[in-house]
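Heads up, the thing below is written out as structure tokens.
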Amino acid sequence: KVAIKGIERELICPACKELFTHPLILPCQHNVCHKCVKEILFAFEDSFADGGSESSNQSSPRIRISASSMDRIDRINRSGRKRNSLTPRSTLFPCPGCQRDIDLGERGINGLFRNFTLETIVERYRQAARAAIAIMCDFCKPPPQESTKSCMDCSASYCNECFKIHHPWGTVKAQHEYVGPTTNFRPKVLMCPEHEMERVNMYCEICRRPVCHLCKLGGGHANHRVTTMSTAYKTLKEKLSKDIEYLISKESQVKAHITQLDLLLKETECNSEIAKQEASQSFEKLYHVLEEKKSAALRAIETSKNVRLEKLQTQVEEYQGLLENNGLVGYAQEVLKETDPSCFVQTAKQLHVRIQKATESLKSFRPAAETTFEDFVVDTAKQEDILGDLSFHSNGLEIPEINEEQSRMYNKALICWECPGKTDSADIYVLEYHKLNREDESVTWQKTEVCGKSKVLSDLDDDSSYAFRVRGYKGSICSPWSREVILRTPPAPVFSFLFDDKCGYNNEHLQLNPRRTSVESRAGFPLLLGSERLQVGCYTTLDYIIGDTGIAKGKHFWAFQVEAYSYLVKVGVVPSNKIQKLFHNTHDVTSPRYEQDSGHDSGSEDAFFDSSQPCTLVTLGMKKFFIPATPAAPKDPASRILPLPSCLGICLDCDRGRVGFYDAGRMKCLYECEVDCSGIMYPAFALMGGAAVHLEEAVTAKYREYHDDI
């Protein structure tokens, strides 16, 4: 038998670090106390409502939410249930055991099973820990007697006399199940949490959890593979028994590993001391270099100070000599007393030169030395950056590379990276970014820590370029920075809409997906029947579809993808007062001579474009982007044809009356023109032949995938 005292580590809740109390089994197969689950969910909801403030992080004295969990607050998905004081409304739970976001489903906590087996083991551990403390009878008159058995049906403990009184022979109670004294009472039959009146009698092999027959018939496990409870019990028990027997048979090997690990512990301690000494020596060298530089700088400043003071002091003495009865003036006054002309001339000539110099210096006073020491300012900005990046560099960590194809700049920025060797050797990554600004010479990098290989950023400015770089960390060791990648944000806030399946939608020619984010033109049998009515050299009609949301003011941007096989697609905007004209256009069937983007040199093209087109559109197709033929456009048709970008964007500025068409991958404007924004503007699309358009999905925080490995 395994000693009950040796398994206490398995009986501790990962959230409250205490023995389990009513543990619940999460979908990831970890166990958490029922009370802890509620407290964590409420704490996350409060943190989400407060914007993740530090004060809301202490909403529960028992639970402390880790920093990595707080980083995932913005990924919490809320269900539509009203919140009350008993049930939290979050359906995603950050498991404290595996640090993953676990989907609890629509029923939330109510859909989780209690782990009665674990409860029983915890109770046995508690009884072993308090063997000297007796469980008293619940029905004795004071003073109560020590209980001798507990009834699992009555959920009560009895002494011998009280048990005979409450369970007389010949009654139904005499058939109750009784065990030794315990305080852990569990139901005899495990009931389904989704169908509370049904007992579980099957085991879902896909979800790895017990289910009832209603779950299999019409519930969430209808299409899952299930087996009988007895079969699952037998299979799992055999596997568990074999695994336990294998571990017991390898006891000598386990002990050898423990001995080896003990040696590794000592070796680690020794090597860490050596590493500390080497690191200290490296920093001592830096200290020595800094001390030398400091001494040299101070000596240079002191020398310059002495030289300047000497010059200024000399200048002071010279000017003091200009005072009456003092210095040069006093000497000159004494010379003036000489009465012998020859002696006076001999002395006065040299003295007059000195007096003239003193007079000139008095007229143009200038200090003999500067008082500022601007030339002696030590610029340590670059050294500070280098010292800030000072860490344990290792050649064992690969330099990550930012994947520009997978990274996206839309309503938010999604930055993805990968390692060249396709191995995740780093424990954590640090992503840094800064806005490119020509006016600011100094660069301030913003930093964020990421556990995975992607990060969603939501604090970037519109119509701006940003530089990104990333490095990996494994403990205190880090890799060099990756190559900087420059990405540009959209020129305006992202406008969200879906394709309108009601206004003018032709379901015979166009097909929408269920989410109304993709539209495809079906060049099928109806098109062949319609071709009988067409004249030779004429085009077929365009099938239009618009967005379900309009724009009244401001500047907005949206993006979409056009399938490479598309024959003809037109994209742009249409005002609300011309929507009916768009769907009932008399020029649906047109000649190539009068098509605005046909490339034919016709004098009536511009007139036709101005008077007959109800909306502003550009033409795409056959992997090409066609710049409309306008007076400002190049006359050569070939120069108006550009390769079709993988993702296109439209920027509508209602305030300025301008619409621009962009390469959304590089955020580069391909064509811009004026547009009448007097009414509400709607995104417009037209398809002909085989073609498809997919709206760009908004960037959202992605949940980590987890796999059950039992």
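Points worth noting:
- Criterion violated by Gly97 - all others in (1) touching a His at 6+ places or on another chain (Cβ under 6 Å); (2) exposed (fewer than 15 other Cβ atoms within 10 Å of the Cβ) satisfied: (2)
- Any chance Glu697 is in a loop (DSSP other than H, G, I, E, B) and either open to solvent by 20 Å² or more (accessible area, probe 1.4 Å) or within 14 Å of Phe557 (Cβ to Cβ) (or both): yes
- The number of residues in the stretch 208-230 being touching a residue at least 60 places away in the same chain (Cβ under 8 Å) and in contact with a Gly (Cβ under 8 Å, 6 or more places away or on another chain) comes to 1.
- Neighbours by Cβ (under 9 Å, 6+ apart or cross-chain): first from the stretch 622-649, open to solvent by 70 Å² or more (accessible area, probe 1.4 Å); second in a helix (DSSP H, G or I): Pro631/Asp606
- Candidates are the residues of the stretch 183-226 that are polar (S, T, N, Q) and in contact with a helix residue (DSSP H, G or I) (Cβ under 8 Å, 6 or more places away or on another chain); the one that is farthest from Pro23 (Cα to Cα) is Asn201.
- A single member of Lys668, Lys702 is open to solvent by 50 Å² or more (accessible area, probe 1.4 Å), modelled with pLDDT of 80 or more and at negative phi, and it is Lys668.
- Evaluated against (1) modelled with pLDDT of 75 or more; (2) under 13 Å from Thr183 (Cα atoms), Ile102 falls short on exactly one condition, (2).
- Selection within the stretch 398-430 - under 30 Å from Cys651 (Cα atoms) and assigned to a loop (DSSP other than H, G, I, E, B): Asn403, Glu404, Glu405, Gln406, Ser407, Tyr410, Asn411, Lys412
The values are calculated or read from the model by the stated rules, or taken from the named source; none is laboratory data. These numbers come from a predicted model, not from an experiment. In this analysis, Cβ positions are derived from the backbone assuming ideal geometry, glycine residues included, and neighbour counts consider all displayed protein chains. Note: accessible area is taken over every heavy atom of the protein model, side chains too, but ligands, DNA and RNA are not part of it. Shrake-Rupley method; radii C 1.70, N 1.55, O 1.52, S 1.80 Å.
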